[in-house]
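Values quoted throughout were computed directly from the atomic coordinates according to the rules given, and no laboratory measurement underlies them. All values reported here derive from a predicted model rather than from experimental measurement. Neighbour counts run over all protein chains shown; Cβ positions are idealised from the backbone, glycine included.
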Amino acid sequence: MATKRRRCGTMAAHMRLLEVYAPFRGRQQRLERQTALRRGLAAAVRKPALVKVPVVVNVVFRNDEQDVSLTQIRSQLAVLNRDFARRNKDRTKVPEPWKGLAADSRIRFKLVKVARTQTRNPPFSTYDEVKYTGAGGISPFEPETHLNLWVCALADGVLGYAQFPGGPAETDGVVIDYRAFGTRGTAEAPFDLGRTATHEVGHYFNLRHIWADTEDCSGSDFVADTPNAAGPNYGTPAFPAVSCGNGPHGDMFVNYMDYVDDAAMFLFTAQQVLRMRTALEEARPGLG
Ligand SMILES: [Zn+2]
């Protein structure tokens with residue numbers, strides 16, 4: 001069997017949205033300025049308020065297998081709540097130099113609604129058909145005040161994708177392949193610990209990939225406490241994995257925003273949390 005590698009569709013969806021949705025670029029730039037401002041303020045180190053984000057799960061299935069159970073849905077919510085609270089048991093595996101950087105986002109998730117529909121569509125692409133009832137999917141439920149998660153079959157080995165803040169409300173939320181959702185039922189190793197949703201909800205709160213989606217060392221994820229990295233890491237790497245002159249500790253491949261397997265990612269950093277909290281409070285205020 002071929003080794004399965006993580007693949008995320010967020011940047012493809014992002015690039016397309018920049019072309020087709022005029023207000024998006026300006027809103028993203030504004031949020032970037034707000035994030036930089038907060039980074040410079042003492043307020044940044046204050047303990048953020050506890051926020052409970054209402055979550056709607058939209059299950060779009062072709063057959064009974066893809067119609068994931070409520071138990072499986074709850075298993076995913078439990079992972080999100082542990083990972084965003086830094087209460088994941090495997091946090092002890094963060095290499096020593098980064099242990100002090102792992103942070104609790106003070107963002108929690110509460111399941112409030114599950115919608116289900118059967119579709120005749122083939123596996124969905126990152127073109128958002130799954131988010132429209134008229135196109136064989138389910139339109140989002142009150143996306144200004146709810147995080148919408150879609151669970152469906154995704155094409156081309158994509159495990160999930162998210163919409164960054166500032167995009168159109170009618171497509172806002174996160175899509176996860178049914179084989180990478182939760183820790184039960186249809187979840188398949190090595191993506192059966194619920195971390196695809198942790199990664200994608202990170203994007204939903206404006207986090208970029210840790211290697212900045214560039215082929216060299218020129219990009220930035222706009223986060224100061226994550227080392228510059230040349231490209232994605234896959235599987236379960238050994239520490240340290242040095243690139244871009246970032247030795248001795250190397251790439252922070254244990255970060256939720258890398259491409260490693262579910263069993264190898266364990267943290268968001270303090271500066272990532274600041275970025276997520278800015279996105280939550282400035283660009284998604286209806287959630288809290
Ligand atoms: Zn991603």
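Just a few scattered comments:
- Among the candidates 226, 278, residue that is crowded, with 17+ Cβ neighbours inside 10 Å, β-branched (Val, Ile, Thr) and either assigned to a loop (DSSP other than H, G, I, E, B) or within 16 Å of the ligand (Cβ to nearest atom) (or both): 226
- Scanning the range 172-206 for residues that are under 16 Å from residue 147 (Cα atoms) and either within 16 Å of the ligand (Cβ to nearest atom) or in contact with an Asp or Glu (Cβ under 6 Å, 6 or more places away or on another chain) (or both) yields a total of 16.
- For residue 16, the criteria (1) in contact with an Asp or Glu (Cβ under 8 Å, 6 or more places away or on another chain); (2) within 16 Å of the ligand (Cβ to nearest atom) hold in every case but one, which is (1).
- So residue 215, is it free of Cβ contacts under 8 Å to residues at least 24 places away in the same chain and among the charged types (D, E, K, R): yes
- One residue from 231, 235 being over 15 Å from the mean Cα position of the chain (by Cα), surrounded by fewer than 22 Cβ atoms within 10 Å (Cβ to Cβ) and away from the ligand (no atom under 15 Å from the Cβ): 235
- The residues on offer are 213, 221, and the sole one that is over 23 Å from residue 109 (Cα atoms), in contact with a His (Cβ under 7 Å, 6 or more places away or on another chain) and not in a helix (DSSP H, G or I) is 221.
- Qualifying residues in the range 54-73 (those that are in contact (Cβ under 8 Å) with a residue 40 or more places away in the chain, part of a helix (DSSP H, G or I) and surrounded by fewer than 17 Cβ atoms within 10 Å (Cβ to Cβ)) - the one farthest from the chain's Cα centre (by Cα): 65
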